[in-house]
Amino acid sequence: MKTIEKILNPKEKVSDLSLDELIAIARNGFGTEMTREDIVNHIINIDILYLLKYKNELVGFSSYDLHEFNGNKILYLSGIVLRRDMQKNGFFKDTNKIALSEIKPKYFTMKTQNPVIYGATKNLVSKIYPNGEIIPENIKKIAGLFCSGFFDRDKLICKKNYGNCLYDKIPEYKNINDFFENTLKIDYYSGDSVVIVGEMNDS
C-alpha cells in the first residue's frame with residue numbers, strides 16, 4: 001500500500017508536473033498558502049528526496065541534506081509533508097527510518113514549529129535536544145549551523161526563522177505543546193522554530 005521512492009539529484013529528475021503536484025500537497029498539508037519558491041527550494045535544492053505514495057498515488061515528500069561536524073555525519077531533514085488525509089499513517093517514522101539506516105549519521109537534525117515532529121523524532125533517536133536539560137556545547141554548535149537568524153543557544157530556538165506561523169493550527173502531541181510554549185517559549189506567530197538535534201546510537 002505504502003511506497004517510498006528515493007530520488008538522488010532531484011533538481012535533474014523532478015518534472016514541472018510533479019513540482020506542481022507536490023506544491024499543492026505541501027499547501028494542503030500545512031493548511032497555509034506557502035510560497036512556490038519556498039516549497040520548490042525544499043524539493044529540488046537538496047541532496048535526497050523521497051516521494052511518498054499510497055496505493056500508487058503521490059501523497060507527500062520528505063527531503064534531506066547531508067552535512068558533517070567534527071568528522072561525524074549529520075542528516076538534516078529539510079522538509080516533510082503529507083496531504084492532510086494521509087497524516088498519522090506512519091510515513092514520518094517509515095521514511096526517516098529508511099533515511100537513517102541508509103546514511104547512518106551520528107546526528108539527525110531539523111527545524112520545526114510542529115510538536116508532532118518533535119514527538120515522532122524522539123522515538124527515532126537515542127537522545128533528543130532540546131529536552132529541558134542543560135544542552136552540551138557540541139549540540140549547541142550543531143544546532144547553530146542550521147539557524148541563519150538570531151539563535152537562542154540555550155533553548156535551540158531560531159528566532160523569527162519563518163517570518164510567520166507555517167500552520168493554520170498548531171498540531172498537538174501529548175505534552176510537547178506545553179514544552180514548546182512554556183519551557184522553550186516559542187513564538188509561532190513571529191516565525192520561531194525549534195532546532196531539533198537527535199543523537200544516534202553508535203551501534
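The values are calculated or read from the model by the stated rules, or taken from the named source; none is laboratory data. Everything numeric in this text was worked out from a predicted model, so none of it was measured. We place every Cβ from the backbone using ideal geometry, glycine too, and count neighbours over all the protein chains shown.
Would you pick out the residues in the range 124-148 that are in a loop (DSSP other than H, G, I, E, B) and touching a helix residue (DSSP H, G or I) at 6+ places or on another chain (Cβ under 7 Å)? It would help to see each step written out before you state the result.
From the range 124-148, those in a loop (DSSP other than H, G, I, E, B) are 124-126, 130-136, 145-148; that's our starting set.
Within the range 124-148, L124, G132 qualify.
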Could you list all residues from the range 171-195 that are free of Cβ contacts under 8 Å to residues at least 40 places away in the same chain and not in a loop (DSSP other than H, G, I, E, B)?
D178, E181, N182, Y189, S190
Taking the residues in the range 124-138 that are within 17 Å of N201 (Cα to Cα) and in contact (Cβ under 8 Å) with a residue 12 or more places away in the chain as candidates, determine which candidate is surrounded by the most Cβ atoms within 10 Å (Cβ to Cβ).
Y129
The one condition I117 fails out of (1) closer than 17 Å to L77 by Cβ; (2) among the β-branched types (V, I, T); (3) out of contact with any helix residue (DSSP H, G or I) (no Cβ under 9 Å at 6 or more places or on another chain) is (3)
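Does I4 satisfy being surrounded by fewer than 19 Cβ atoms within 10 Å (Cβ to Cβ), assigned to a strand (DSSP E or B) and not acidic (D, E)? Step through it out loud before you land on a result.
Numbers: surrounded by fewer than 19 Cβ atoms within 10 Å (Cβ to Cβ): yes; assigned to a strand (DSSP E or B): yes; not acidic (D, E): yes.
Yes; evaluated as a whole, the condition is true for this residue.
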Counting just the residues of the range 41-61 that are in a strand (DSSP E or B) and free of Cβ contacts under 8 Å to residues at least 40 places away in the same chain, which one comes out surrounded by the fewest Cβ atoms within 10 Å (Cβ to Cβ)?
E57
Reported set for the range 107-123 where residues are surrounded by fewer than 18 Cβ atoms within 10 Å (Cβ to Cβ) and either more than 13 Å from the chain's Cα centre (by Cα) or in the same structural domain as I74 (by TED's automatic domain parsing) (or both) is N123
